[in-house]
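Participant: Submitted below is the structure of interest, expressed as structure tokens.
The values are calculated or read from the model by the stated rules, or taken from the named source; none is laboratory data. As the structure is a prediction and not an experimental result, all values here were calculated from the model. Here the Cβ is made from the backbone with ideal geometry for all residues, glycine too, and neighbour counts use every protein chain on show. SASA here: full protein model, heavy atoms, side chains in, ligands and nucleic acids out. Shrake-Rupley method; radii C 1.70, N 1.55, O 1.52, S 1.80 Å.
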Amino acid sequence: MVENNLTAAEVIHMQEQYLMKSVEAWNDKVFVKGQGSTLWDIEGQEYLDCFSGVAVINIGHAHPKMVAAVQDQVTKLTHLSTLYRTVPMPLLAKKLAEIAPMDRGKAKSFFCNSGTEANEHAITLARIASKKFEIFGLQNGFYGRGGFTMSITGLGAWRSGLGPFMPGALHLPMYHCYRCSLGHKHYSECGYACANYLKIALKTQTSNRTAAVVVEPIQGIGGVVEAPPEYFKVLQPILAENQILLIVDEVQTGFGRTGKMFGIQHYGVEPDVVTLAKGLGGGMPIGAVLARSDVADTFPGPDFSTFGGNPVSCRAALAAIEVMEEENLTENAADVGSFFKSALLEMSRHHPFLDDVEGKGLLIGAEITLDKTKRTPAGNDILTQILDEALKEKVLIGRGGLYYNRIRFQPPLCFTRKEAVRTLEAFEKALSIAEKSAQ
Ligand SMILES: Cc1ncc(COP(=O)(O)O)c(C=O)c1O
């Protein structure tokens, strides 16, 4: 099969020649079509998508409602910038306020194009609102590829090229009990030492001018690592006492992904600001900062984003949220996700390489380790082999984590139990082959 009169080999050759070397591709398939949880490559082969283009395609590929909204808007008005009033942007802001995990009905939005931009903007807003400048990220956290977001990112591999890092960019220990950087075994024994560490960090690393802490409820690029149950409840009083804002990065956990509309809603606290992108646009590029109205109102501007609030992306986002609500995709993510996670946990009891299954809803990750006692991370060769073997079974899965050795499962939220079983079977086969060949 050819697309635009091109074969797969020609596309790959073009990519190698004209794209920057830093653009990594996980395999050599060239995808040309998607529908629901299914993808087709240029050769007509069919695949099950268990990665959703990094947790973006929450409503499934090419949902008819979103396609219709985009097609309709493209014929009417594609762009004007935020300097002119258009209809879809305030409609979307109103909808976000209605579903916001804080200051419901009143929270205010700023629209941009990506998660990076949303986090950069949220940091700027927090600095203006608090008149302070230090910002904490978390070890093992990923916040984007801009100057400040890269500086607070806690994954060395994703800080490449930037240096020196931004003054005022600081880190808290990761909340990853499996690899606790403070040397503890489990939150049940340590009393949330990672969250409480903020008290000592404020005294030792700051000049008492900390504006915000930026936290993901589940670290996605960090390999799907969940904040332990009381993490935010321990953190919040320390923030309140020191007038520090809580920015929750919902770029990956937002829009039903974790089995609730927002990941933070599992933790019983209300953030001051949330950052959104990925699943918000159902596949169209869009980012947003959603803030408590009193925090938002501290920023007099001027503020601007050329493509922020783009009418086509906003219409797509409105359609995507409508689909999530109409088709109960959040509930489906909770149901199929818990089925998937239980099966994976059971699998981990029988496989020497599979450990530490974590996640909520349809955001699930697991450690691939060479030794469960020592928790030795498996190397690149084994991870590549698992992804390649799963691909032979026509299932796309992902990877991530501090050692790039965690498998990530994050399919569209319309995923069925049948598709979950197919994924589990493909993954178990791939895992068994990797375990056997390492003997
Ligand atoms: C939690 C989180 N925040 C921010 C970003 C950056 O988003 P973008 O790639 O849209 O700039 C990502 C990207 O993967 C992410 O996972």
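Participant: Taking the simple approach of a point 7 Å from Cα along Cα-to-Cβ for both Ser22 and Asn242, what is their distance in nm?
Facilitator: So the two model labels end up 3.2 nm from each other.
Participant: Can you tell me which of 70-81, 378-389, 120-131 comes out highest on packing, and rank the rest after it, using the mean Cβ neighbours within 10 Å?
Facilitator: In decreasing order of mean packing, 70-81, 378-389, 120-131 become 120-131, 378-389, 70-81.
Participant: Applying the Karplus parametrisation 6.51 cos²θ - 1.76 cosθ + 1.60 with θ = phi - 60° to the phi angles of the range 50-60, what ³J(HN,Hα) value in whole Hz is obtained for each residue in order, glycine and proline being reported as x?
Facilitator: 10, 9, 6, x, 6, 6, 9, 7, 5, 8, x
Participant: Want the number for Ala157 to Asn5: 0.36 nm per residue separation, take away the alpha-carbon distance, what's left?
Facilitator: That works out to 51.0 nm of additional length.
Participant: Just check the range 253-402 against the gyration tensor rule for me: Cα atoms, a ≥ b ≥ c as the square roots of the eigenvalues, rounded for a/c under 1.5, and otherwise prolate or oblate depending on whether a/b exceeds b/c.
Facilitator: In terms of gyration-tensor shape, prolate.
Participant: Which whole-Hz ³J(HN,Hα) couplings does the range 10-18 yield from phi under the Karplus relation 6.51 cos²θ - 1.76 cosθ + 1.60, θ = phi - 60°, glycine and proline marked x?
Facilitator: 5, 5, 4, 4, 4, 4, 4, 7, 10
Participant: Just add up the charged neighbours of Asn113: K/R +1, D/E -1, any other residue whose Cβ is under 15 Å from the Cβ of Asn113.
Facilitator: -1
Participant: Another question, if that's okay. Can you give the local net charge around Met150? Use residues other than it whose beta-carbon is closer than 12 angstrom to its beta-carbon, Lys and Arg +1, Asp and Glu -1.
Facilitator: Every neighbour counted, the sum reads +1.
Participant: Another question about this same structure. May I ask for log10 I(q)/I(0) of the chain at q = 0.07, 0.08, 0.14 Å⁻¹, from a Debye sum over the Cα atoms as equal point scatterers with solvent left out?
Facilitator: The computed values of log10 I(q)/I(0) come out as -0.34, -0.44, -1.40.
Participant: Same structure again: Output needed for the range 66-326: three equivalent-ellipsoid semi-axes, defined as square roots of 5 times the C-alpha gyration tensor eigenvalues, in descending order, whole Å.
Facilitator: Semi-axes, largest first: 31, 19, 17 Å.
Participant: Ignoring ligands, DNA and RNA, what accessible area per residue does the range 66-326 give at 1.4 Å, in Å²?
Facilitator: About 39 Å² of surface per residue is accessible.
Participant: Moving to a separate point now. Considering only protein heavy atoms and a 1.4 Å probe, what is the carbon-and-sulfur percentage of the accessible area of the chain?
Facilitator: 54 percent
Participant: While we're looking at this one, here's another question. What is the extension gain from Asn328 to Lys233, computed as 0.36 nm multiplied by their sequence separation minus the C-alpha to C-alpha distance, in nm to one decimal?
Facilitator: Here the answer is 31.3 nm.
Participant: Then there is this: When the helix-only estimate is applied to the chain (DSSP H runs of n ≥ 4, each -39,500 (n - 2.57), divided by the residue count), what is the mean residue ellipticity at 222 nm, nearest 500 deg cm²/dmol?
Facilitator: Computed mean residue ellipticity for the chain: -11500 deg cm²/dmol.
Participant: Here's another thing I want to ask about it. If I stretch the segment between Val87 and Lys372 completely, what's the gain in nm (0.36 nm per residue apart, minus their alpha carbon distance), one decimal?
Facilitator: Going from the current span to full extension adds 97.1 nm.
Participant: Also, I was wondering about something else. I need to check one value: relative contact order of the chain, counting alpha carbon pairs closer than 8 Å and at least 6 residues apart, in percent.
Facilitator: 21 percent
Participant: What size of dipole, in debye to the nearest 20, comes out for the range 66-326 about its Cα centre when the only charges are +1 on Lys and Arg C-beta atoms and -1 on Asp and Glu C-beta atoms?
Facilitator: In debye, rounded to 20, the range 66-326 gives about 380.
Participant: Modelling each spin label as a point 7 Å along the Cα-to-Cβ direction, I'd like the Val421/Glu43 distance in nm, to one decimal.
Facilitator: Modelled inter-label distance: 2.9 nm.
Participant: Using unit Cβ charges (K, R positive; D, E negative) and no other charged atoms, how large, in debye to the nearest 20, is the dipole of the chain about its Cα centre?
Facilitator: Dipole magnitude for the chain comes out near 940 debye.
Participant: Could you let me know the centre-to-centre spacing of the range 19-91 and the range 363-439, using Cα atoms, in angstrom?
Facilitator: Distance between centres, Cα-based: 25 Å.
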